[in-house]
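A.B. asks: Have a look at the structure that comes next, please.
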Amino acid sequence: KQAKGKPWEGVGSEEMAVDDLPRLSGNCNGVDIVKGEIHNQLSLMRLNTRFSSGARFHREIVTESPLVRGFKHLHDYLASETDLNDIDTVEWLKPFLDVIAAPETSGPITGGALSSLSKFLLYGFIHTDALRVAEAVNRTAYVVCRCRFEATDMMGDEVVMMRILQVLLDLMRCPAGPLLTDEMVCEVFVTCYGIGRQPRLSVLLRRTAENILMQMTLTVFARLPMICEQEKRKAEAAEAARQADEAQSEKERIEREAAAAAESASLPEPSEASSGDHTPADPVPVVPPPVTVPTGNGDISAAPSPVDPAATATKKNAPSQRSTTRE
């Protein structure tokens, strides 16, 4: 074999390039790894008489367990897929989460499903670019924190609890860990704390729970700068959106005012002649100047001026000075 045109000289050779090493990614063999975990889980379930059936090789089985049927449907669906990133994360995780949440499953079956989840998290199949990854990680944390299974023996049960702690730690450390809500993070901490405080458990399991709880705490506090930066970006985005809304409202108000002004300017002004409510002013009486005319005696006297009706009425109403003198 050759790497970049050079002969293969062994694993520790300096001639070997880093890009030539095989890498585990969701694009190349993620679908095959999920199929392998389905086979492993079905093998564990068939060891239990509750999930085993003599007609399991038939296509349709009426009495088949819904858990087994879920794995078979997922396997048939993955047969036509080549890229795990194109599949909904919630959908291909659902059969494994159903086994963990089922209280009728035994400890080995639940432990197998938990081991599969741990592999998916460590391989990086659950990342920030996956479909519906936020819902997937929160649902996984919710189901694992409420894991129920049939008790068999003390040592076997503690092994399952150990795997629960490991899955929760991997879930916090995975690339999609920051997508966990505050409520889910608090519930994960409470679950680990509860396992570490049970006196009936072994000292090894309790010390392991305390150690995992410490690692989770360090992980959360190490992400504080990133969380603060995200909150700052959210606040800036909200402020920018608020300013954009205010600017849009101001623009709409100016446009409405301009439209109202243009509409009022286009209306014709009413004239005095066309106005029906206009009442003409009272005419001012014009008194002509006195005209001199000759009399028969040769004297020139002024012609009587027109009598003002208002003045005549005033004189009639006023008492006469002559009558007052006579009295």
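The values are calculated or read from the model by the stated rules, or taken from the named source; none is laboratory data. The structure displayed is predicted, hence computed values, not measured ones. Counting neighbours? That spans all protein chains shown, and the Cβs are built from the backbone with ideal geometry, glycine included. These area figures cover heavy atoms from the full protein model, side chains too; ligands, DNA and RNA do not enter into them. Shrake-Rupley method; radii C 1.70, N 1.55, O 1.52, S 1.80 Å.
A.B. asks: Express the accessible area of region 194-260 per residue in Å², computed with a 1.4 Å probe while the remaining protein chains stay in the model. Could you put the intermediate results ahead of the total?
C.D. replies: Values: 5010 Å² over 67 residues.
With all protein chains present, region 194-260 gives 75 Å² per residue.
A.B. asks: Between GLU150 and residues 5 or more places away or on another chain, which pairs have amide H atoms under 5 Å apart, with H built 1.01 Å from N, and which residues are they?
C.D. replies: For GLU150, the qualifying residues are THR105, SER106, GLY107.
A.B. asks: What figure, in Å² to the nearest 10, do you get for the accessible area of LYS35 with a 1.4 Å probe and non-protein molecules left out?
C.D. replies: The accessible area of LYS35 comes to roughly 50 Å².
A.B. asks: Classify region 112-155 as rounded, prolate or oblate from the Cα gyration tensor: take a ≥ b ≥ c as the square roots of its eigenvalues, call it rounded if a/c is under 1.5, otherwise prolate when a/b beats b/c and oblate if not. Write down the numbers at each step before the final one.
C.D. replies: Values: a/c = 4.37, a/b = 1.93, b/c = 2.26.
Here region 112-155 falls in the oblate category.
A.B. asks: Between CYS147, MET161, ALA176, whose Cα lies farthest towards the positive end of the dipole of region 137-250 when Lys and Arg beta carbons carry +1 and Asp and Glu beta carbons carry -1, centred on the Cα centre?
C.D. replies: MET161
A.B. asks: Past 25 Å, Cα to Cα, is the threshold; run LYS72/LYS119; LYS35/LYS94; LYS94/LYS232 against it and keep the listed order.
C.D. replies: Values: LYS72/LYS119 20 Å; LYS35/LYS94 14 Å; LYS94/LYS232 35 Å.
With Cα atoms farther than 25 Å apart: LYS94/LYS232.
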